[in-house]
Structures are given as C-alpha cells and as structure tokens.
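The values are calculated or read from the model by the stated rules, or taken from the named source; none is laboratory data. Predicted model only: the values in this text are computed from it and were never measured. Note: ideal-geometry Cβ built from the backbone for every residue, glycine included; neighbour counts use all protein chains shown.
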Amino acid sequence: MTNIAFVSSEKPEAKNSLKVLKRIYTNVSPDKADVIVALGGDGTILKSLHSFLKSKKPIYGMNRGNVGFLMNQYSEKNLHKRLSEAISYKLHPLKIKSFHEDGSIQNSLAFNDISMIRNSSKIAKIKIQINNKIRIKEFLGDGCLISTPAGSSAYNLSLRGPVIPVGAQVLALTPISPYRPRRWRGALLKNDVKIILSAIDSKRRPVRAEADFMQLKDIIKLEITLEKKLFMNLLFDPGHNLEERIITEQFDN
C-alpha cells in the first residue's frame with residue numbers, strides 16, 4: 001500500500017480537509033512517504049515541488065484553493081486507488097541566474113515562470129538575447145515573462161501568451177504590456193535555448209524578477225535555461241490530466 005504524506009496550505013478549507021484525510025488514511029512523514037498529497041491551490045503545488053525537489057517525491061494535488069489548474073478534484077474516497085491509477089508528468093524547472101545592482105549573483109529555480117518587471121513608475125527597457133544573439137535591442141514595456149508548458153496557463157495566459165501542451169519541447173517568451181516594438185507579441189523557443197534579459201538604464205528604470213512565489217529585487221540581468229537534470233513528477237487522475245486541461249483551456253469561453 002502506498003505510504004502517503006499529507007501537506008496543506010494555511011487556508012481553513014485546506015486545513016480542515018487535512019484533518020479529515022489524516023483520520024481516514026495513515027499519514028507518514030515526508031521522508032518515509034511514497035507520494036506527497038498536497039491540499040490547496042496551485043501555489044501549494046509550487047511550494048511542494050520546491051520543498052521535495054531533493055527527495056523527488058511525486059506530488060498529487062487535491063484542490064482546496066481557488067484556481068487549482070495543477071490540482072485534481074478533491075474527494076475523500078478511494079485515495080489509494082486514485083494514486084495507483086494516476087498519470088505521471090515529468091516537470092523540469094527553469095534555472096535562473098540573477099545579477100544584482102550590488103554585484104551579487106543568485107541562483108534560483110522556477111517550475112512555472114520567471115519574469116522581469118518594472119519596479120517603478122518608469123517604463124522598463126530590456127535587451128533580449130537568445131543564445132547570446134541580440135533579438136530585441138531595446139524592448140519598452142512593463143516587462144517580459146518566460147514560461148514553461150506547465151506554467152503557460154497561468155500568468156502567461158492572462159498576458160495572451162500561448163498555452164503550450166505539456167509534452168512540447170518549447171518555452172514561451174511573452175511581453176508584459178509592450179510599448180515598443182509595437183507589433184511584437186512574443187515568441188516560442190526550443191527549450192534548449194539560453195535566454196538573457198538585461199535591464200537598460202536600471203538605475204533610473206529599476207526592475208525586479210518574480211519566479212514562482214519568489215521575488216528578486218535590484219536586478220540588472222537574468223540568464224535563463226531549462227534545467228534538464230532536475231525534475232519532479234506531478235500526478236493527475238486519468239481523463240483529468242494536465243494535457244487535457246491545457247487543451248480545454250484553449251477552447252474554454
């Protein structure tokens with residue numbers, strides 16, 4: 001029988017469900033678990049992906065939050081059966097190297113997306129390089145977002161970026177409130193590229209970076225690649241998996 005470790009968000013609904021499930025099923029510590037069952041919303045899934053990255057415990061989410069795009073439907077029945085039949089999807093994180101105004105360099109990971117966004121009332125100016133070749137010398141707007149397939153239906157979708165099937169070997173580069181170039185609507189890039197976003201005139205036009213639930217300030221440059229050596233397995237019920245959700249999202253009115 002599958003050993004389960006239950007985790008939840010701080011929302012009352014998630015906490016209450018956590019108590020109920022612990023009464024019904026045996027709960028073990030995460031280090032002894034075969035699978036992590038996360039209760040909450042997509043934010044809970046993202047935190048779990050980061051928290052259990054070293055142990056590589058598969059994550060099965062049940063929606064006790066608001067959106068829950070990365071979650072399964074909540075039910076207290078037949079959990080062991082659902083886990084045994086769940087479809088596994090391998091998620092690779094973005095590897096981010098951020099260069100800061102004070103000369104420091106920080107390394108981070110993001111499973112959903114990474115953005116460089118203006119951090120003042122002034123419009124951001126960003127140089128965009130792909131594999132060290134300048135593609136846009138001076139982008140003007142609120143910022144730029146780089147999304148994985150798993151994250152393409154989140155912030156990226158609200159920016160009218162493309163929703164990407166989870167098996168596609170591409171990343172989405174999407175502008176945030178673009179001003180110049182006016183006709184640029186973003187790009188789909190192979191997931192083996194190196195993307196560099198450099199802030200132009202960052203003293204007068206400061207920018208910040210947001211990666212999943214993290215925020216990095218006083219940024220002058222971001223270097224982004226897909227980390228193919230690291231991955232996490234996300235579990236979905238048959239017929240309600242991530243691939244189907246991404247397709248549905250593109251036709252949902």
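Taking ARG64 as the residue in question, decide whether it is modelled with pLDDT of 95 or more and assigned by TED's automatic domain parsing to the domain that holds PRO30. Answer is no for this residue. Comparison of ALA168, ALA187, ALA154 shows that the only residue that is in contact (Cβ under 8 Å) with a residue 60 or more places away in the chain, of a type outside the set (Val, Ile, Thr) and in the same structural domain as ASN112 (by TED's automatic domain parsing) is ALA154. Number of residues in the range 108-122 that are part of a loop (DSSP other than H, G, I, E, B) and either hydrophobic (A, V, I, L, M, F, W, C) or more than 11 Å from the chain's Cα centre (by Cα) (or both): the value is 5. One residue is enough: does the range 227-247 have a residue meeting the conditions among the aromatic types (Phe, Trp, Tyr), part of a strand (DSSP E or B) and either more than 14 Å from the chain's Cα centre (by Cα) or not assigned by TED's automatic domain parsing to the domain that holds HIS80 (or both)? Checked against the condition, which is being among the aromatic types (Phe, Trp, Tyr), part of a strand (DSSP E or B) and either more than 14 Å from the chain's Cα centre (by Cα) or not assigned by TED's automatic domain parsing to the domain that holds HIS80 (or both), the range 227-247 yields at least one hit. Out of ASN63, ASN78, one residue alone is without any contact (Cβ under 8 Å) to a residue 60 or more places away in the chain and surrounded by fewer than 18 Cβ atoms within 10 Å (Cβ to Cβ). It is ASN78.
Okay, residues lined up against (1) more than 15 Å from ASN3 (Cα to Cα); (2) of a type in the set (Phe, Trp, Tyr); (3) in contact with a Gly (Cβ under 7 Å, 6 or more places away or on another chain):
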| residue | (1), (2), (3) |
| --- | --- |
| LEU46 | yes, no, no |
| SER51 | yes, no, no |
| LYS57 | no, no, no |
| LEU70 | yes, no, yes |
| SER75 | yes, no, no |
| ASN78 | no, no, no |
| LEU83 | no, no, no |
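Looking only at residues of the range 87-122 that are among the aliphatic types (A, V, I, L, M) and at pLDDT 95 or above, we find that the one that is farthest from SER17 (Cα to Cα) is ILE105.
Filtering the range 17-64 to residues that are of a type in the set (D, E, K, R) and part of a helix (DSSP H, G or I) leaves LYS19, LYS22, ARG23, ASP31, LYS32, ASP42, LYS47. Of everything in the range 19-51 that's of a type in the set (S, T, N, Q) and closer than 17 Å to LYS81 by Cα, which residue is surrounded by the fewest Cβ atoms within 10 Å (Cβ to Cβ)? Filtering first and then ranking leaves THR26.
Answer yes or no: is there a residue in the range 198-206 that is buried (at least 20 other Cβ atoms within 10 Å of the Cβ) and within 17 Å of the chain's Cα centre (by Cα). No, there is no match, as no residue in the range 198-206 is buried (at least 20 other Cβ atoms within 10 Å of the Cβ) and within 17 Å of the chain's Cα centre (by Cα).
Here is a yes/no grid of residues against (1) in contact with a strand residue (DSSP E or B) (Cβ under 7 Å, 6 or more places away or on another chain); (2) hydrophobic (A, V, I, L, M, F, W, C); (3) at pLDDT 95 or above; (4) more than 24 Å from HIS92 (Cβ to Cβ):
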residue	(1), (2), (3), (4)
ILE136	yes, yes, yes, yes
LEU159	yes, yes, no, no
ILE200	yes, yes, yes, yes
GLU249	no, no, no, no
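Screening the candidates LYS137, LYS97, LYS133 for the property of being surrounded by fewer than 20 Cβ atoms within 10 Å (Cβ to Cβ), touching a residue at least 40 places away in the same chain (Cβ under 8 Å) and either not assigned by TED's automatic domain parsing to the domain that holds ASP237 or not polar (S, T, N, Q) (or both) yields one hit, LYS97.
Within the range 197-208, residues that are in contact (Cβ under 8 Å) with a residue 24 or more places away in the chain and farther than 15 Å from ASP142 by Cβ have Cβ atoms under 8 Å from residues that are part of a loop (DSSP other than H, G, I, E, B) and β-branched (Val, Ile, Thr) in no pair, counting only partners at least 6 apart in sequence or on another chain.
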